[in-house]
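This report refers to the structure that appears directly beneath it.
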């Protein structure tokens, strides 16, 4: 019997929908039956969640995340994944207060970078994630170099995510802007990979869009969740 997956979602709803679909489709790709794992989702209030990020209210942020986590535990989740990158800024504080396994998006992304031998990567995401240290610390501990765009570039990435991707608006203009940015850093900084460090970014950028490998944090996290649920990992 598989483990029941608990998804802390709504951050945003677009990527939460993609998590659910990916997990089920990945199961079908491996199996010839419909015995995919049970999944429970608690959808946070996206604006309330981002208000905590923007205000710097770390205690309120952690408390609100824990409300969702406790709801998932009450619904019988055997383990939990936070379906976004940014809440991993408080991953240690959250997991320390809960007696249930969590799957870290940072850890599965780092493992993927190490598997393919990356050394220097560009981190893209919302401004909160790019200016935090949780990705940088994890990658530095593995002797990998992580860089982030200039602040003006971060502002535009942030705008694309919140004003477009989080509400299901996917434009070719924004896609080409991001690809040009990646190309510039490939030349200027000699990066050998890119972390799509926001689970909305893979809704716009896919493997093959760039000459550089793009680490799809959404896909990696969903794959890890399925494997864990099926006791493959």
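The values are calculated or read from the model by the stated rules, or taken from the named source; none is laboratory data. Keep in mind that this is a model prediction, so the values were computed, not measured. So basically every Cβ, Gly included, is an ideal-geometry build from the backbone, and we count neighbours across all protein chains shown.
Residue by residue, here is whether (1) closer than 14 Å to residue 8 by Cα; (2) at pLDDT 95 or above; (3) surrounded by 12 or more Cβ atoms within 10 Å (Cβ to Cβ) holds:
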position: 45; (1), (2), (3): yes, yes, yes
position: 53; (1), (2), (3): no, yes, yes
position: 65; (1), (2), (3): yes, yes, yes
position: 74; (1), (2), (3): yes, yes, no
position: 80; (1), (2), (3): yes, yes, yes
position: 94; (1), (2), (3): yes, yes, yes
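So residue 196 fits all but one of (1) touching a residue at least 12 places away in the same chain (Cβ under 8 Å); (2) more than 16 Å from the chain's Cα centre (by Cα); what number is the exception?
(2)
Out of 178, 215, report the one residue that is buried (at least 21 other Cβ atoms within 10 Å of the Cβ), over 15 Å from residue 109 (Cα atoms) and at pLDDT 95 or above.
178
What tally of residues in region 134-154 results from selecting those that are surrounded by fewer than 17 Cβ atoms within 10 Å (Cβ to Cβ), over 20 Å from residue 186 (Cα atoms) and in contact with a helix residue (DSSP H, G or I) (Cβ under 8 Å, 6 or more places away or on another chain)?
Qualifying residue count, region 134-154: 1.
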